[in-house]
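The values are calculated or read from the model by the stated rules, or taken from the named source; none is laboratory data. Quick caveat, the model's predicted, so the values are computed rather than measured. Every residue, glycine among them, receives a Cβ derived from its backbone with ideal geometry; neighbour counts consider all protein chains shown.
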Amino acid sequence: MKDFKVNGIVLRAAPFKESSAVLTLLTAERGKIAVVAQGVRKVKKSGLFAQPFSYSEFVLSQSKGLPVCRSADLKETFYGLREDMDRLAIGQYLLEISLLVGEDVTDGSDFLKLLLNSLYLLSRKESGISPAVVKTVYELKFAALSGYGVDPEICTDCGKTAEYWSFEEGFLCGNCATEKFAVIHPVSSAVKKALTHILSTDGKGSYSFKMSEKAFGDLSTLSEKYLEAKTETRFRALEFISKMGSNE
Ligand SMILES: [Zn+2]
């Protein structure tokens, strides 16, 4: 048996045997991995590290089958999310998206940094960043890290100036857009500018940008539908978010 350390956040916890759980972790060192946490469903308090959103340094032991958790040094629980239903729902959506990190990703540090930064801002109202902005930035940056990056200025097909957006194709010029018969949307310069800022800025600065409510509405529809189309996924948490929105 060999012990090794990872820094990771729990994306999902599934019951396993009588009192244990299988945790899906997003780690800096090994990307997305599944590990067994023994006995965590018996003792609520000491099992806090095994809850979704908990971020810890884990010591894991590899034998046959899944690695087993030997110890966990809990660093952050993003507790603030539990105090606001909207923020919690978006947090759950970010975890659901993160479950799509590919098995081939062996260095998860960029994905992990993006998730930790986003949850940090989401769990602290005093950050002044709205949950909707965190959601949009996460969608766009996650898509880019997964190989679905976009250049909002240039037509994906021919390299001319982009004027339209298609959920499936990305940005297109007028000619290519009409040839493709895809459902297309005109894209404003405000949306292009914000997109460029988000994709070219690292860390917390990428969540700070100003635009009108209307333009932000376009940007957030675009980022949500684009991620959905590229990953071919209907996110369960998203249905819950839109239901909540319509109750307001
Ligand atoms: Zn074109």
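General remarks:
- Inclusion of THR106 among residues that are outside the structural domain of THR24 (by TED's automatic domain parsing) and more than 16 Å from the ligand (Cβ to nearest atom) is warranted.
- Count of residues meeting criterion [in contact with a Lys or Arg (Cβ under 6 Å, 6 or more places away or on another chain) and surrounded by fewer than 18 Cβ atoms within 10 Å (Cβ to Cβ)] in the stretch 143-185: 1
- Flag for GLU103 being assigned to a helix (DSSP H, G or I), acidic (Asp, Glu) and within 30 Å of GLU169 (Cβ to Cβ): no
- Between THR221, THR156, THR178, the distinction of being touching a residue at least 12 places away in the same chain (Cβ under 8 Å) and hydroxyl-bearing (Ser, Thr, Tyr) belongs to THR156 only.
- Exactly one residue out of SER130, SER188, SER123 is free of Cβ contacts under 8 Å to residues at least 24 places away in the same chain and out of contact with any Pro (no Cβ under 6 Å at 6 or more places or on another chain), and it is SER130.
- Pairs, first more than 27 Å from SER118 (Cβ to Cβ) in the stretch 42-64, second assigned to a loop (DSSP other than H, G, I, E, B), C-beta under 8 Å, six or more apart: LYS42/SER19; SER46/VAL40; SER61/MET1; SER61/PRO67; GLN62/MET1; SER63/MET1
- Scanning the stretch 191-242 for residues that are among the small types (Gly, Ala, Ser), in a helix (DSSP H, G or I) and within 18 Å of LEU121 (Cβ to Cβ) gives ALA194, GLY203, GLY205, SER206, SER220, SER223, ALA237.
- Filtered by the rule that a residue be more than 23 Å from SER109 (Cβ to Cβ), out of contact with any Lys or Arg (no Cβ under 8 Å at 6 or more places or on another chain) and among the aliphatic types (A, V, I, L, M), the stretch 194-240 gives ALA194, LEU195, ALA215, LEU219, LEU222, ALA229, ALA237, LEU238.
- For PHE216, the test of being among the aromatic types (Phe, Trp, Tyr), away from the ligand (no atom under 16 Å from the Cβ) and closer than 23 Å to VAL133 by Cβ is passed.
- Tally, over the stretch 162-188, of residues that are in contact with a helix residue (DSSP H, G or I) (Cβ under 9 Å, 6 or more places away or on another chain) and of a type in the set (S, T, N, Q): 2
- Matching residues, the stretch 157-211, being among the β-branched types (Val, Ile, Thr), farther than 17 Å from LYS225 by Cα and within 16 Å of the ligand (Cβ to nearest atom): THR161, THR178
- The residues in the stretch 90-114 that are of a type in the set (A, V, I, L, M, F, W, C) and over 17 Å from ALA13 (Cα atoms) can be counted, and the count is 5.
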